[in-house]
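Engineer: Here it is: the structure, laid out below.
The values are calculated or read from the model by the stated rules, or taken from the named source; none is laboratory data. If you're wondering where the values come from, they're calculated on a predicted model, not measured in any experiment. Methodologically, a virtual Cβ is constructed for each residue, glycine included, from the backbone with ideal geometry; neighbour enumeration extends over all protein chains shown. Side chains included, ligands, DNA and RNA excluded: accessible areas come from the protein's heavy atoms. Shrake-Rupley method; radii C 1.70, N 1.55, O 1.52, S 1.80 Å.
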Amino acid sequence: MEYRKLGKSGLKISELSFGSWVTFNKQVDSGLAERMFGTCFDAGVNFFDNAEGYEAGESEVVMGKALSALNRPRDSYCVSSKVFFGSNKKPSPTQIGLSKKHVTEACHQALKRLQVDYLDLYFCHRADPDTPIGETVWAMHNLITQGKILYWGTSEWTAEQITEAYEFAEKNHLSPPTMEQPQYNLLDRKRFEVEYGPIFDKYSMGTTIWSPLASGALTGKYLEGIPEGSRVSLEGYEWLKKHMLESERGQERMKKVSTLLPIAQELGVSLSKLSIAWCLLNKNVSTVILGASKIEQLEENLTAQEVLPLLTEQVQQKLSAI
Ligand code: NDP
């Protein structure tokens, strides 16, 4: 495993990390999570991603149980949570968003569910148009000075919103955001590569990128239909099935996947490993957060770096053309 600095901070995180969206508490119970974390630790993974909104907080409960059963030294790994969507299925107005109250309460709740004393990374899961950015920066800064979180960041904020947060923090001598959590993969490149270009240069922002396989599309497994038990077949994820496979945009993307697949086959590797390795080529990626519903998937994805030497300029050009 290689380790990359999280932006300009001193924190070194594994370039492959592991997240729990959809999977924990739905496809993965705490027993399987424990085995998965064991696999991750053996491979050198040191960052695990979560959010208050995943399975209404239950994903954090599963992660907390599994991590505490493994009893690894707390200083050897990092955990995150994210605030915005709330953990209550029918939230009151104070239980969502990025107000000082919810940012603070959600942190306390995540600490309990994850069974930790502090969060290494704490993200604003989306921007909140109802809360002044300065209020959220203050809330995050206070949590840092209280030792409840170490680094704070954003997820899917626009470059303009991130700039506003930086500038507010700088002007008021507060802790600025350290990292962003955007989607980035072979099919979703524009925000990361174009919109964020200038702010990478200006702020040396770290990134923990999500859905490197576009929710499984970039495994190629949906080209033959919908495999039983796969993400888009799950109850509650009908919207994803529409978005990924049935919409016009989804169908265009699946056509691209069918053109990417032979490139992986020519190289003698799986499209999953190629897609994950491709994300690692970008120096602005601090870590690629992997998702997996099965140990075998995790084991495969954790060897993605093997593909890096095969991604020559020529191969990269072919992929980009698609
Ligand atoms: P991926 O795009 O890599 O999708 C992961 C899913 O693809 C797995 O759960 C599995 O689903 C399938 N899969 C993975 N590997 C293989 C394989 N080798 N062969 C076949 N199928 C495979 O990542 P996620 O969408 O899960 O995102 C990763 C993490 O990023 C999340 O866990 C979360 O922590 C974070 N995230 C953050 C978001 C944000 O807004 N900040 C949004 C989304 C994710 P299945 O077996 O069910 O088909």
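Engineer: Go through the residues of segment 279-293 one by one and say whether even a single one is assigned to a helix (DSSP H, G or I) and either exposed (fewer than 15 other Cβ atoms within 10 Å of the Cβ) or among the hydroxyl-bearing types (Ser, Thr, Tyr) (or both).
Structural biologist: Taking segment 279-293 first, the residues assigned to a helix (DSSP H, G or I) are 279-280.
The next check asks that each one be either exposed (fewer than 15 other Cβ atoms within 10 Å of the Cβ) or among the hydroxyl-bearing types (Ser, Thr, Tyr) (or both); those that pass are none.
No: segment 279-293 contains no residue that is assigned to a helix (DSSP H, G or I) and either exposed (fewer than 15 other Cβ atoms within 10 Å of the Cβ) or among the hydroxyl-bearing types (Ser, Thr, Tyr) (or both).
Engineer: Can you give me the number of residues within segment 62-83 that are open to solvent by 40 Å² or more (accessible area, probe 1.4 Å) and aromatic (Phe, Trp, Tyr)? Spell out how you get there, then give the answer.
Structural biologist: Taking segment 62-83 as the starting set, the residues that turn out to be open to solvent by 40 Å² or more (accessible area, probe 1.4 Å) are 65, 68-76.
Checking which are aromatic (Phe, Trp, Tyr) leaves us with none.
Qualifying residue count, segment 62-83: 0.
Engineer: From the list Asn50, Asn71, which one is closer than 25 Å to Ile13 by Cα and touching a strand residue (DSSP E or B) at 6+ places or on another chain (Cβ under 7 Å)?
Structural biologist: Working: Asn71 fails: touching a strand residue (DSSP E or B) at 6+ places or on another chain (Cβ under 7 Å).
Exactly one of Asn50, Asn71 is closer than 25 Å to Ile13 by Cα and touching a strand residue (DSSP E or B) at 6+ places or on another chain (Cβ under 7 Å), namely Asn50.
Engineer: Can you tell me which condition Gly86 does not meet? The list is (1) in contact with a Phe, Trp or Tyr (Cβ under 9 Å, 6 or more places away or on another chain); (2) touching a residue at least 12 places away in the same chain (Cβ under 8 Å); (3) not in a helix (DSSP H, G or I), and all the others hold.
Structural biologist: Just one mismatch for Gly86, condition (1).
Engineer: Report whether or not Phe200 is aromatic (Phe, Trp, Tyr), in contact with a Gly (Cβ under 8 Å, 6 or more places away or on another chain), in a helix (DSSP H, G or I) and crowded, with 18+ Cβ neighbours inside 10 Å.
Structural biologist: Details: aromatic (Phe, Trp, Tyr): yes; in contact with a Gly (Cβ under 8 Å, 6 or more places away or on another chain): no; in a helix (DSSP H, G or I): yes; crowded, with 18+ Cβ neighbours inside 10 Å: yes.
For Phe200, the condition - aromatic (Phe, Trp, Tyr), in contact with a Gly (Cβ under 8 Å, 6 or more places away or on another chain), in a helix (DSSP H, G or I) and crowded, with 18+ Cβ neighbours inside 10 Å - is not met.
Engineer: I need a count of the residues in segment 32-54 that are outside any loop (DSSP other than H, G, I, E, B) and out of contact with any helix residue (DSSP H, G or I) (no Cβ under 8 Å at 6 or more places or on another chain). Can you show your working first?
Structural biologist: Keep residues of segment 32-54 that are outside any loop (DSSP other than H, G, I, E, B), which gives 32-43, 47-49, 54.
So of that shortlist, the ones also out of contact with any helix residue (DSSP H, G or I) (no Cβ under 8 Å at 6 or more places or on another chain) come out as 42-43, 47, 49.
Residues in segment 32-54 being outside any loop (DSSP other than H, G, I, E, B) and out of contact with any helix residue (DSSP H, G or I) (no Cβ under 8 Å at 6 or more places or on another chain): 4 in total.
Engineer: With touching a strand residue (DSSP E or B) at 6+ places or on another chain (Cβ under 9 Å), on the phi < 0 side of the Ramachandran plot and touching a residue at least 24 places away in the same chain (Cβ under 8 Å) as the only criterion, which of Leu310, Leu281, Leu319, Leu302 stands out?
Structural biologist: Details: Leu310 fails: touching a strand residue (DSSP E or B) at 6+ places or on another chain (Cβ under 9 Å); Leu281 fails: touching a strand residue (DSSP E or B) at 6+ places or on another chain (Cβ under 9 Å); Leu319 fails: touching a strand residue (DSSP E or B) at 6+ places or on another chain (Cβ under 9 Å).
Answer to the selection: Leu302.
Engineer: Follow-up question, since we're still on this one. Counting only residues that are open to solvent by less than 30 Å² (accessible area, probe 1.4 Å), without any contact (Cβ under 8 Å) to a residue 60 or more places away in the chain and of a type outside the set (Ser, Thr, Tyr), how many does segment 142-194 have?
Structural biologist: 14
Engineer: Please go through segment 1-54 and give me each residue that is among the hydroxyl-bearing types (Ser, Thr, Tyr), over 16 Å from Ile295 (Cβ atoms) and open to solvent by 10 Å² or more (accessible area, probe 1.4 Å), ordered by number. Step through it out loud before you land on a result.
Structural biologist: Filtering segment 1-54 down to residues among the hydroxyl-bearing types (Ser, Thr, Tyr) leaves 3, 9, 14, 17, 20, 23, 30, 39, 54.
Then keep just the ones that are over 16 Å from Ile295 (Cβ atoms); that gives 3, 9, 14, 17, 54.
Passing the criteria: Tyr3, Ser9, Tyr54.
Engineer: Okay, moving on. Mind counting the residues in segment 26-50 that are farther than 15 Å from Ser68 by Cβ, within 12 Å of the ligand (Cβ to nearest atom) and touching an Asp or Glu at 6+ places or on another chain (Cβ under 8 Å)?
Structural biologist: So the count comes out to 2.
Engineer: Among the residues of segment 204-244, count how many are touching a helix residue (DSSP H, G or I) at 6+ places or on another chain (Cβ under 8 Å) and of a type in the set (D, E, K, R).
Structural biologist: 3
Engineer: Within segment 160-214, restricting attention to residues that are within 14 Å of the ligand (Cβ to nearest atom) and of a type in the set (S, T, N, Q), which residue is nearest to Leu240 (Cα to Cα)?
Structural biologist: Ser211
Engineer: Moving to a separate point now. So which residues in segment 269-278 are within 12 Å of the ligand (Cβ to nearest atom), of a type in the set (Gly, Ala, Ser) and assigned to a helix (DSSP H, G or I), if there are any at all? Spell out the reasoning first.
Structural biologist: So the first thing to find is which residues in segment 269-278 are within 12 Å of the ligand (Cβ to nearest atom), and the list is 269-276.
Going one step further and asking which of them are of a type in the set (Gly, Ala, Ser), we end up with 270, 272, 275.
Selection gives Ser272, Ser275.
Engineer: Output yes when any residue across segment 248-268 is near the ligand (Cβ under 10 Å from one of its atoms), open to solvent by 70 Å² or more (accessible area, probe 1.4 Å) and either outside any loop (DSSP other than H, G, I, E, B) or within 28 Å of Asp29 (Cα to Cα) (or both), and no when none is. Please lay out each step first, then the result.
Structural biologist: Looking only at segment 248-268, we keep the residues that are near the ligand (Cβ under 10 Å from one of its atoms), and these are none.
Within segment 248-268, not a single residue is near the ligand (Cβ under 10 Å from one of its atoms), open to solvent by 70 Å² or more (accessible area, probe 1.4 Å) and either outside any loop (DSSP other than H, G, I, E, B) or within 28 Å of Asp29 (Cα to Cα) (or both).
Engineer: Does Lys221 satisfy the criteria of being over 18 Å from the mean Cα position of the chain (by Cα) and surrounded by fewer than 14 Cβ atoms within 10 Å (Cβ to Cβ)? Quick ask: steps written out before the conclusion?
Structural biologist: On the way: over 18 Å from the mean Cα position of the chain (by Cα): yes; surrounded by fewer than 14 Cβ atoms within 10 Å (Cβ to Cβ): no.
The answer is no for Lys221.
Engineer: Out of (1) closer than 21 Å to Gln181 by Cβ; (2) without any contact (Cβ under 8 Å) to a residue 12 or more places away in the chain; (3) open to solvent by 30 Å² or more (accessible area, probe 1.4 Å), the odd one out for Glu238 is which?
Structural biologist: Of everything listed in (1) closer than 21 Å to Gln181 by Cβ; (2) without any contact (Cβ under 8 Å) to a residue 12 or more places away in the chain; (3) open to solvent by 30 Å² or more (accessible area, probe 1.4 Å), Glu238 misses just condition (1).
Engineer: Within segment 125-175, which residues are among the β-branched types (Val, Ile, Thr) and part of a loop (DSSP other than H, G, I, E, B)?
Structural biologist: Selection gives Thr131, Thr158.
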